[in-house]
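Some notes on the structure that comes next.
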Amino acid sequence: MKKVSTMAGMVLAMVSFGIYGHGSLSIDLSHPIPTFAPSGADPMKADLFKPYLDSKAVPTFGGQAVLSFAQFPTSDGYFSLGTIVLAEHHGTHLDSPGHYVNNVESLEGENKTADQRKHTHDLTADDLIGHVVLIDISGRVEMELAKNGGKPSADVSVTDFSNSSPNVITADDIAAVAKKIKNGVWLVLHTGWSKYYFSGSDFAKDPYINGFNYPGMNKAAVDKLIEIMDRKGVLIGGIIADNVGIDSGQSAVGDDDKWTNSWYAHVRLLQRGVKFVENATNLGQLAMVKNPGKCTIVVGAPKHIAGTGGPARVLALCK
């Protein structure tokens, strides 16, 4: 018997979830990817003075996306053929379990080392689809921002999104959905932060990274999720967040400028096989659905060999 393709497998999975067909609401959870012409000095780098359409530089740990075109002429015209230079972890993207390589000290129990975990080509259709478990803290975030006229400040004394504040995903938020934590579900973390995504790419000054003062999962929330999964003997499919990296800013940056004790969710969850989608958007639309738990996440991710993730078109399909 021939192996079923990922696309065919995904369609079959969607049928089994009861979401394939008419009468469903589709929500795109993906940002568009801004593109730029290549630099004359280095065609692998973007010329930020030559954007395509209304492209603007966005916060990223990789470079901005470079797009160049060639032509294949025929008698009736020509084919336009684009080549794109795009970092795996740029824009709305997937983190595969192989994205973080733990050292001996941070590898827990019998969890697999990074080379033994799933990379992008290993992910099955079932890995890329699952029911939604929504956690919505956007109201708390807005209340904190209101202290500064609705604008985030990198100064935690002005707007506080530190791990000790109530303005991040906490252990109590995870405990509140404990009954819904099952094999294959996707936790969707709605903070409302995606509205700042196109507000500049400077990590220190612009509001999206905000000097690493932004909402996400604090360490206690990660610990609580692992505790619940271990107690129930389940593994969620993944986590989707409308920030740069699932973690709160404080958990991401760690203790110092050397990234000591940084990226706590990545260190503890990827080694367990949990997948991440970062830089998501339109989670507010998902939160407005009458019953988000009846929505299903579909992650359209590239299937390149040995990949650690990749830009993704992420959909929520709701009955």
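We did not get these values from a lab; they are worked out from the coordinates using the rules stated. Just so we're clear, the structure is a prediction, and the values are computed from it rather than from any experiment. A quick note on method: Cβ atoms are made from the backbone with ideal geometry, for glycine too, and the neighbour counts reach across all protein chains shown.
Where both partners of a DSSP beta bridge lie in the chain, what percent of those bridges are antiparallel, to the nearest 5?
Of those bridges, close to 65 percent are antiparallel.
Taking Rh as the Kirkwood radius computed over C-alpha pairs, what is the Stokes-Einstein D of region 60-219 at 4 °C in a medium of viscosity 1.567 mPa s, expressed in µm² per second?
67
So for the pair residue 294, residue 162, with labels modelled 7 Å out along Cα→Cβ, what separation do we get in nm?
4.4
For region 107-131, list residues with backbone N below 14 Å from a point placed 7 Å from the Cα of residue 303 toward its Cβ?
In region 107-131, the label zone of residue 303 (backbone N under 14 Å from the point 7 Å along Cα→Cβ) covers 119-129.
Need the C-alpha centroid separation for region 168-195 versus region 127-154, integer Å.
11
Work out the FRET efficiency for residue 234 and residue 52 from their Cβ-Cβ distance, taking R0 = 35 Å, and round it to the nearest 0.05.
Taking R0 as 35 Å, the efficiency between residue 234 and residue 52 is 0.20.
Give the Cα extents of region 184-230 along the principal axes, in whole Å, largest first.
40, 19, 13
Can you pull the Rg over Rh of the chain, Cα-only, Kirkwood?
0.97
What's the ranking of 131-139, 147-155 by average number of surrounding C-beta atoms within 10 Å, highest first?
Peptide ranking by packing, descending: 131-139, 147-155.
Mind ranking 180-191, 243-254 by how tightly packed they are, going by the mean number of other C-beta atoms within 10 angstrom, highest first?
243-254, 180-191
Ignoring everything except DSSP H segments at least 4 long, calculate the 222 nm mean residue ellipticity for the chain; use -39,500 (n - 2.57) per segment, divide by total residues, nearest 500.
-4500 deg cm²/dmol
Which whole-Hz ³J(HN,Hα) couplings does region 60-72 yield from phi under the Karplus relation 6.51 cos²θ - 1.76 cosθ + 1.60, θ = phi - 60°, glycine and proline marked x?
Karplus-based 3J(HN,Hα) across region 60-72 equals 7, 8, x, x, 5, 6, 9, 10, 10, 10, 10, 10, 10 Hz.
Report, largest value first, the span of the C-alpha coordinates of region 35-85 along each principal axis, in whole Å.
43, 23, 17
Ranking request for peptides 112-123, 291-302, 88-99: highest mean number of other beta-carbon atoms within 10 Å first, then the rest in descending order.
Ranked from most to least packed, the peptides come out as 88-99, 291-302, 112-123.
Would you mind computing Rg(Cα) / (2.2 N^0.38 Å) for region 135-207, counting N as its residues?
1.26
List 81, 128, 286, 235 from most exposed to least, where exposure is judged by having the fewest other Cβ atoms within 10 Å.
If I rank by nearby Cβ atoms, fewest first, I get 81, 235, 286, 128.
For a 28 Å ceiling on Cα separation, which of these pairs sit above it: 50/275; 195/290; 151/303; 147/180; 45/258; 112/182?
50/275; 151/303; 147/180
Take every Cα-Cα pair in region 217-261 and report what % of them are more than 11 Å apart.
71
Counting DSSP beta bridges in region 193-319, what percent are antiparallel, to the nearest 5?
The answer is about 60 percent antiparallel.
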